[in-house]
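The structure appears below as structure tokens.
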Amino acid sequence: MEDTKEIDTNLTGSESGVFMDQLKATFERLPNDIPIYQFTKRGEDNIFCQTNREIVRLFRQLTDKITFREYYLDHDLAQKWNVESSPTLLINPECYSIRWIGAPMGEEGRTFLETLTLVGLGKSNLSSPSIKVIRKINTPRKIKVFVSATCPYCPQQAVNAVKAAVEIPDLISLEIVDIQCRSDLADQYSAHSVPMTFADDVLIGQGAQTEEVFVSSLKNLEAQTIFIPESDAELVETDLLIVGGGPAGLTAGIYAVRSGLNSAVIERKALGGQVATTPVVENYPGFTQIGGKALVDIMVSHALQYIQIFQGEEVVDIQPGNPIEVLTTRRRFLTKSVLLTTGATYKHLGVPGESRLAGRGVSYCSTCDGPLFKGKKVVMVGGGNSAVTEALHLNHIGVSVTLIHRGGSLRAQDFLKKNLKESKIPVLWHTEIKEIRGDQRVEEILLFNNDTQKSSTLKIDGVFLAIGYLPAVDLAKKIGMELTADGYIKKDSKHRTNIPGIYSAGDVEGGYKQIVTAAGQGSEAAIAIFEDTIHPYWQQKEKVSL
């Protein structure tokens, strides 16, 4: 390789597909050029270096606004911009301090596209509430976001950071770090669960945050959990507001709009819920085998043909009435009905060391964090379909995994148990974890055999948990909804709750935790809401009582 190398900017052929045509048109409208630089070590040409060239070449076929140059780490420009890691991508370094350590593979392709668009626009596209907060920052911030190509939550957090770097380029610098490329750096920061975000080496975000929560965390240099919007929030009026963008919520949105209801979906995290992080789905009708994220993308694409989706917003309050008022982190809604499809969250072991080492070897998502443990030794805790599926996934990507189950037999489907045996994944029966130990990261676990009543320790690099879920009912409890003895939302046969106009569907109701079940409940609820909108059941009850 020469000290500098240009790649041909000529188009290689006509673009195919609506998406590529739209992408080309988008780039044509961008007012600014997008210079990209790659820095590598002499003699190094690994998969990350090659991927960067191919990705940039793909985009350069769509626009001549992108230029691409490569230099070695001993070049003067590397010294000028303090580049020390190989490979590193810099995007318009004369204007912004945005660098990519590794390559935007897999899920991170979305982040890269968004970065090019924002740099080309020269605008952050932050919401008004976010700009009000970030403009209060008056000292430099050095952001590091650790990401993985297999993590569907990472793009949301990385794009938050890109927007911040574009909004205040004089004060905010950003490094997006691929944990597979720089596992040593991930170890240094104990970033063993992605996305993980640091500002000035202070942890400000573990997991994906909403845009406003991110900028609040960045401003305060500490992780924030909620953002209260300004009083001048935008007002949106709907017939139905769906809270939750998993299979139940997305299906309900399709059915509701097709029934004639003006509807919207709010999702505070990644669309798809638990499905988005499921490695492989093998029991959804129509697909013999499909990745969870791929299935979610199909659902979302279908739903977007009908319904508006507000992603990255969190509901902070619901005021029942006529209409029902819903306040989110970005705007205010007035709606006739609300459908809660908030799903369920990962259940925790509740043992010493679990919360302290979360993200430092303790993980609840093998799809997101599994690649970091390639060649290392981990345990998967659980005995159901999820635990066995994720153990098989870890084994497939080169992780040495042992399944731990407190019982003597698995609850998983026979097909999965057969695959587990054929994959020769060891199982520790009648075994429970009593403590997770380690200084800065997981180092060993204390085990207890409930059959022999003996304790032992096991040296380990990671602990993955798939022991079930807890219903996400904080919002339901806040507004006084009745719950079952098991803590799920109590509803009738038409998914009506005890509060007129508010309904529920999906995992938040309990029952079978299956994708097809959640989707079916979403359709049922939407049909019931349509019927009740025409003939409100609570008004009929009032007439009868009179």
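None of the figures in this text is laboratory data; all of them are computed from the coordinates on show. Everything quoted here is computed from the prediction, not taken from an experiment. Cβ coordinates were reconstructed from backbone atoms using ideal geometry, including for glycine residues, and neighbour counts include every protein chain displayed.
Whole-Å semi-axes of region 97-194's equivalent ellipsoid, largest first, each the root of 5 times a Cα gyration tensor eigenvalue? Each step should come with its number before you reach the end.
Working: eigenvalues 105, 47, 25 Å².
Equivalent ellipsoid semi-axes, largest first: 23, 15, 11 Å.
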Check your understanding: What ³J(HN,Hα) values, in whole Hz, does the Karplus curve 6.51 cos²θ - 1.76 cosθ + 1.60 give for region 290-295 when θ = phi - 60°, with x put for Gly and Pro?
Key -> 8, x, x, 5, 5, 5
Practice item. Lys and Arg at +1, Asp and Glu at -1: add these up for the other residues within a Cβ distance under 11 Å of GLY383 and post the number. Key: +3
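Please find the FRET efficiency linking ILE47 to ASP184, where r is the Cβ-Cβ separation and R0 is fixed at 25 Å, and quote it to the nearest 0.05. Present the calculation step by step, with values, prior to reporting the outcome.
Numbers: r = 17 Å, r/R0 = 0.69.
Once the sixth-power term is evaluated, E becomes 0.90.
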Review point. In deg cm²/dmol and to the nearest 500, what is the mean residue ellipticity at 222 nm of the chain if only DSSP H runs of at least 4 residues count, each as -39500 (n - 2.57), divided by the residue total?
Key: -9000 deg cm²/dmol
Check your understanding: Could you give the nm distance between label points at THR225 and LYS494, where each point is 7 Å from its Cα heading toward the beta carbon?
Key -> 3.7 nm
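Longer than 20 Å from Cα to Cα, which of LYS377/LYS454; LYS269/LYS347; LYS377/LYS424 are they? Say none if no pair is. Walk me through the numbers on the way to the answer.
Numbers: LYS377/LYS454 23 Å; LYS269/LYS347 18 Å; LYS377/LYS424 15 Å.
Where the Cα-Cα span goes over 20 Å, the pairs concerned are LYS377/LYS454.
Over region 364-457, what number does the Rg to Rh ratio reach, with both radii from the alpha-carbon atoms and Rh per Kirkwood? Write down the numbers at each step before the final one.
Working: Rg = 13.2 Å, Rh = 13.7 Å.
With Rg and the Kirkwood Rh in hand, the quotient comes to 0.96.
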**Study point:** Free-standing Cys residues across the chain, given no other cysteine C-beta under 4.7 angstrom
**Key:** CYS49, CYS95, CYS181
Practice item. Of the listed pairs LYS123/LYS219; LYS65/LYS144; LYS142/LYS163, which have alpha-carbon separations greater than 22 Å here? Key: LYS65/LYS144
Study note, to complete from the structure: Expressed in nanometres to one decimal, the distance between label points 7 Å along Cα→Cβ at GLU531 and ARG258 is 1.7 nm
Exercise for review: Return the aspartates and glutamates within reach of LYS132: Cα separation strictly under 14 angstrom, same-chain partners fewer than 8 residues apart disregarded; answer none if there are no such residues.
Suggested key: GLU167, GLU211, GLU212, GLU230, ASP232
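Suppose we look only past 23 Å in the calculated P(r) of region 270-364. What percent of the Cα-Cα pairs does that tail hold?
Values: 2210 of 4465 pairs.
Roughly 49 percent, once rounded to a whole number.
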Review point. How long is the gain from LYS477 to SER455 if the chain were fully straight, where each residue apart is worth 0.36 nm and the alpha carbon distance is subtracted?
Key: 3.9 nm
Check your understanding: What Kirkwood hydrodynamic radius do you get for region 177-259 when you take the inverse of the mean 1/r over all pairs of distinct Cα atoms, in Å?
Key -> 16.0 Å
Exercise for review: Name the residues whose placed amide hydrogens come within less than 5 Å of the amide hydrogen of GLY291, ignoring near sequence neighbours (fewer than 5 apart) on the same chain.
Suggested key: VAL281
Exercise for review: Averaging over all projection directions, find the projected area of the Cα convex hull of region 5-220 and quote it in nm² with one decimal place.
Suggested key: 11.8 nm²
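Report for the chain the percent antiparallel among DSSP-assigned beta bridges with both residues inside it, nearest 5.
Working: 43 of 96 bridges.
Here the antiparallel bridges make up roughly 45 percent for the chain.
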Check your understanding: Roughly what would the spin-label model give for GLN514 and SER301, points 7 Å off Cα along C-beta, in nm?
Key -> 2.6 nm
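Could you work out how much longer the chain between LYS434 and LYS374 gets when fully extended? Use 0.36 nm per residue separation minus the Cα distance between them, nm to one decimal. Walk me through the intermediate numbers first.
On the way: separation 60, 0.36 × 60 = 21.60 nm, distance 2.53 nm.
Length gained between LYS434 and LYS374: 19.1 nm.
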**Study point:** Assigned charges on the beta-carbon of Lys, Arg, Asp, Glu; the chain dipole about Cα centre (debye)
**Key:** 1060 debye
Review point. Using θ = phi - 60° and the Karplus curve 6.51 cos²θ - 1.76 cosθ + 1.60, what whole-Hz ³J(HN,Hα) does each residue of region 359-373 get, with Gly and Pro shown as x?
Key: x, 10, x, 9, 9, 10, 8, 5, 5, 6, 9, x, x, 5, 9
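May I ask for the equivalent-ellipsoid semi-axes of region 227-327, computed as the square root of five times each C-alpha gyration tensor eigenvalue and listed largest first in whole Å?
Numbers: eigenvalues 159, 51, 20 Å².
Semi-axis lengths for region 227-327 are 28, 16, 10 Å.
What whole-number value in cubic angstrom gives the convex hull volume per residue for the C-alpha atoms of the chain?
It is 169 Å³ per residue.
Run through the DSSP bridge list for region 5-220 and note the antiparallel percent, rounded to the nearest 5. It would help to have the intermediate numbers written out before the result.
Numbers: 17 of 36 bridges.
Antiparallel bridges: around 45 percent, rounded to the nearest 5.
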